[in-house]
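Taken together, the values in this text are just the output of simple stated rules run on the coordinates, not laboratory data. Predicted, not measured: the structure shown is a model, and the values here were computed from it. Cβ atoms come from the backbone with ideal geometry, glycine included; neighbour counts cover every protein chain shown.
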Amino acid sequence: MIEVHSGPESPRFLKAVPSSIRHFHRVTGLALIVLALSAADSAGQNGKRISAETYFRRGNQCADREDFDEAISEYTKAIKLDSKFVPALINRGHAFQAKGALDESVADYTRAIEINPRQADAYNNRAVVRFIRNDAAGAMADFDQALKLNPNCAEAYYNRGRIRYAAGDTDGAIDDFTHAIPRFPSFLGSVRSLNVKNPNQALAFNDRGLAKQRKGDLDGALSDYRMAMATNPDLSEAYNNHGGILLSKGDLIGALADFDRAIQADPTYAESYFNRGNTRRARRDFTGALADYTASIVKNPRMKASYLNRGTLRYQTGDFEGAISDFANVLRIDPKSAGAYNDRGLVWEAKGEWQNAIADYSQAVSLSSNLGEAWLNRGRAYEQTGEIDAAISDLNRAIEIRPTDPNPYLHRGFALLRKGDESAAGRDFDRVLILGRYLKPLIEAGIKAFKSKIRLEQ
């Protein structure tokens with residue numbers, strides 16, 4: 001089965017910052033909307049504050065070049081001169097967050113809130129860190145408070161939408177993204193003629209598209225992805241997600257163009273190589289598909305789906321050793337992948353190594369007792385090795401799980417013939433012809449050939 005990877009399902013929080021200061025972009029797997037403050041955000045300056053603001057500005061300069069250790073040092077000097085310097089506390093919280101020092105980050109945001117309980121930005125930022133620390137309830141409370149204090153805070157709407165999306169509240173997420181989009185300025189800075197569009201708005205369109213896609217509103221999702229691409233032509237996720245829907249609709253040429261554009265925008269984006277591999281595979285460009293699956297693995301060596309799809313394609317094209325290697329890599333990443341055991345079992349079958357196949361199918365059913373395909377495959381393997389009672393038992397279980405699948409009935413019929421129970425076998429074959437009537441000539445020929453084989457063996 002080919003799967004399509006959309007943009008990140010895990011919650012992503014962006015950073016939004018006043019035009020007077022640049023901002024950090026990513027924190028460990030999550031994009032963040034976190035508000036940083038400039039010196040202009042503080043009023044009532046005095047001699048002590050001027051000196052503190054000097055350190056504050058130096059800290060901002062360090063943060064701009066992502067020298068977070070030095071930024072923390074400069075902000076700390078500012079805070080030592082003025083312990084109630086809220087912008088310095090908030091920006092030091094950013095720097096701690098960028099370094100992964102989440103306890104220190106929360107402490108700074110909390111201190112800023114204690115000094116100024118109406119500081120919506122501090123609530124927004126603390127909420128982001130709380131969510132990273134798996135405190136979804138605390139994060140929601142902080143985002144709610146941020147919006148209570150500032151109902152036009154696009155960042156808080158966006159971030160709360162991401163939490164709702166992660167929690168499965170798709171309608172709530174769509175509502176929050178819809179509120180966020182018009183509240184983001186369309187352009188960064190004060191000079192519209194520069195045409196520097198706001199990337200945060202593009203991400204809000206993209207993520208609302210993900211939510212609509214989850215609800216099955218594919219046309220609405222496509223529209224949002226197109227808006228995201230128009231707003232930020234370099235947003236690889238939007239092209240990837242748009243292409244994923246086109247692929248699901250069978251528009252292989254359009255999907256391929258989207259994945260090409262996604263890779264052009266971000267050559268490190270493993271999901272786009274994976275999805276382009278799926279598209280090329282659907283077009284029977286197996287060489288191109290294998291190259292793309294390999295590229296996605298190079299970009300993300302722990303991307304299980306790439307190993308699975310490459311392994312399946314290698315199996316289908318006769319590269320059994322390569323397929324076994326790929327499924328082994330899946331199991332290295334996820335030792336409880338029943339599907340990988342089942343698929344590797346098929347490769348052992350193709351190599352004629354039935355005991356290895358049975359061992360892998362056994363692992364598959366032990367990990368996933370309702371995986372009907374694995375019960376079917378082990379039943380077939382037992383039938384091939386002459387373990388007829390074990391085969392019938394497995395095929396009975398496969399039929400319980402997949403009562404409308406003709407394959408378990410077919411192979412149980414073969415096993416029953418080997419056991420000499422032609423009457424019961426006949427009933428199974430009749431059932432096969434009902435369930436697989438569109439393949440009736442092929443099935444009848446197969447049953448006839450198997451019966452001839454049994455007579456020759458006798």
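Values as computed for the structure displayed
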read-out	value
C153, C62 arranged by Cβ crowding within 10 Å, fewest neighbours leading	C62, C153
Rounded to whole Hz, the Karplus (6.51, -1.76, 1.60) HN-Hα couplings of segment 292-303, x for glycine and proline	6, 4, 5, 4, 5, 5, 4, 6, 9, x, 10, 7
Whole-angstrom gap from segment 210-264 to segment 76-153, using each part's C-alpha centre	34 Å
Least to most buried among H242, H411 (fewest other Cβ within 10 Å first)	H411, H242
W375, W348 arranged by Cβ crowding within 10 Å, fewest neighbours leading	W348, W375
Which listed pairs, of K304/K336; K77/K99; K212/K304; K215/K249; K99/K148, have C-alpha distances above 24 Å, in listed order	K212/K304; K99/K148
In Hz, Karplus ³J(HN,Hα) per residue of segment 202-208 (6.51, -1.76, 1.60; θ = phi - 60°; x = Gly, Pro)	4, 5, 5, 4, 4, 6, 5
R0 of 41 Å, Cβ-Cβ distance K419-Q316: FRET efficiency to nearest 0.05	0.80
